[in-house]
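Have a look at the structure below, then the notes.
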Amino acid sequence: MDSTLSLAPTMHEHDPDAQPTPAASTSRFLAPHQRSHSPFPRDTDMGAPLSARARELARRGRDQDQETGIVPLELIGADDPKPDSYEVTFDGPDDPRNAQNWPLRRKVKNTALITLATLFAGVGSAIFSGASTEIAERFGVGQVVGELANSMFVIGFACGPQIFGPASEVIGRKWPLVIGCLLSAIFAIQVAGASNLATIMLGRFFGGVFGAAPYAIGGGIFHDLYDALHVQTGIAFFATATAGGPALGPVIGTGLASTSASYGWRWTEWFMLCFGMLTSVLLALFMDESFAPVILQRAAAERRHATRNWAWHAELDTVRVTPRDVVVRYILRPVKMLFSEPMLLVVTIYLTFVYSLLYGLMAAVPTIFSGYRGMTAVHASLPFLSVFVGILFGGGIIILDMHRYARVLKASGQESLPEQRFVPMGLGAVMLPIGLFWFAFTGPALVGSPWPSIIALGFSMCGMVLIFECGIIYLIDMYKSFANSAIAANTLARSLVGGGFPLFVTGMIRNLGWESTWAMALLAFIAVALAPIPLVFYHTGARIRALSRFSLEL
């Protein structure tokens, strides 16, 4: 269901004493003053007997509504020639209940909360990288297996959207997000108290599955809150937290792991427990439900109980999500789109590379700065702060670009110009390979000071977040009601590849030689090969979109 659904009102829902329309006045669902004690049709209502089926539907509807607050599908419109007369909708485009009409302060509050939840997931995906050496020593395994303990969280991200995607479209955005963050925090307890490697691997994996809730739901929340122009600002915060969390995770994890040789790695997970619990409590207490169909469903439930007229319903009351729907919409459709939509496939490849590059740095930076430059583990993690600063700059550029996009949109007279998203992405496509070459050829084999490499990290990651964020916004602009499926396909690919990247980066650095120069140069050459994508799609994207079956079926 499209999260921006807004139906033309047939009655003003906010007036609890409104009378039925003339068409509705002939319905068997009578207004309160036309009934005695029973809220459902009886044989004596309107002086005409009801059929046995109608009486049974009334009894079932009363019992089910009192127990669950949900109107059964077959009850809506039973014996009513125009059941839409009792459908609750927004009271026009300016209805204050619509999340896009909320005051700025309320939007900022909800934006801050979803950004916090996304940051929690991002930090959790990388915090264990700072303890991978301790894990390898504690359980007598190789460094690659130690890195795998961290990567399992990222691999879990691939499975989360299949759970939280459908949940957010049936019961709303808020509570799936709260439950996801809470369960992810609880699995941190399993890891913190683990006595064997298998327990750690499973705990990290399931922590990632439930930690994916902000990634699966965040884009929908920003779509609920902001119009097509200002959604760019919301996504800027979302993408900055998505990339910034993995940048901060190794710094926090290494610092905590260094507190004790035997127990320090457990502190990383106790920290995530506290972070997750705090996030869950703040979400539960202060976050508002923003999904329009759920807002209307709750309004319909209030109207039914206020008027004792059980015909009132929202469109979501008539929707039933079956296991088949979940399989088709959230598992089969994303995979089908990934391999049948050329633009989605190419954009996903590009975003997967830059996202995986971020996680690859978790293995590369400690190897370069500790192994080759001789820094302590804590000092070797501090270059990640440069990565975080670069990501912040990239998010700021996206927000500033909104003004350019608004001018172009106004001049064209159109509601959306998806290909304009490739302009800032093109800037990122230039910055990324420059930064990677800069990082490669200021490595320990060539330059004694670490500062040129540290600055290069920030520069390249600024380009990375420009590519990543613009790609996500483009998928939303292009696929609209199918955006969840497109992003689910993208999340599946980038999580699987991103989880595997740190496992071979260390070996690549050591085997290609020249103290990391050639390994980083190889990644830079890959970035150069992918750099023309924004330019090509800027000129050809509109024609390719016209051939998309999913883009046409909106």
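The values are calculated or read from the model by the stated rules, or taken from the named source; none is laboratory data. Since the structure is predicted, the reported quantities are computational estimates derived from the model, not experimental observations. Please note: Cβ atoms are built from the backbone with ideal geometry, for glycine as well, and neighbour counts cover all protein chains shown. Only protein heavy atoms, including side chains, enter the accessible area calculation; ligands, DNA and RNA are left aside. Shrake-Rupley method; radii C 1.70, N 1.55, O 1.52, S 1.80 Å.
Out of region 234-267, which chymotrypsin sites (Phe, Trp or Tyr not before Pro) are coil in DSSP terms and have no more than 11 other C-beta atoms within 10 Å? Each step should come with its number before you reach the end.
On the way: sites: Phe237, Phe238, Tyr263, Trp265, Trp267; in loops: Tyr263.
The qualifying sites: there are none.
Taking 14 Å as the cut-off, the amide N atoms of region 161-183 that come nearer than this to a point 7 Å along the Cα-to-beta-carbon line of Val335 belong to 162.
Only lysines eight or more places from Lys336 in sequence, or on another chain, were considered; those with a Cα closer than 21 Å are Lys480. Label positions at Asn511 and Thr376, each projected 7 Å from the Cα along the C-beta direction, are separated by 3.4 nm.
Between Phe504 and Ser449, the distance separating the two model label sites (each 7 Å from Cα on the Cα→Cβ line) works out to 3.6 nm.
Across region 178-187, computed HN-Hα scalar couplings (Karplus, 6.51 cos²θ - 1.76 cosθ + 1.60, θ = phi - 60°) run 4, 5, x, 5, 5, 5, 4, 5, 5, 5 Hz from first to last residue, x flagging Gly and Pro.
With a sphere of radius 15 Å drawn around the Cβ of Val123, what net charge do the other residues whose Cβ falls strictly inside it have (Lys, Arg +1; Asp, Glu -1)? Mind dumping the intermediate values first?
On the way: positive: Arg204; negative: Glu269.
Around Val123, the surrounding residues sum to 0.
Within the accessible surface of region 86-150, defined with a 1.4 Å probe on protein heavy atoms only, the carbon and sulfur portion equals 59 percent. Summing +1 for each Lys or Arg and -1 for each Asp or Glu among the other residues whose beta-carbon sits under 11 angstrom from that of Gly541 gives +1. Computed 3J(HN,Hα) for region 103-119, one whole-Hz value per residue from the Karplus formula 6.51 cos²θ - 1.76 cosθ + 1.60 where θ = phi - 60°, is x, 4, 4, 5, 5, 4, 4, 5, 5, 5, 5, 5, 5, 4, 5, 5, 5, glycine and proline marked x. The slack between Leu104 and Leu417, meaning 0.36 nm per residue of separation minus the straight C-alpha distance, is 110.2 nm. Consider a paramagnetic label point 7 Å from the Cα of Arg549 along Cα→Cβ; state which residues of region 328-362 have an amide N under 11 Å from it. So the set is 336-337, 340-341.
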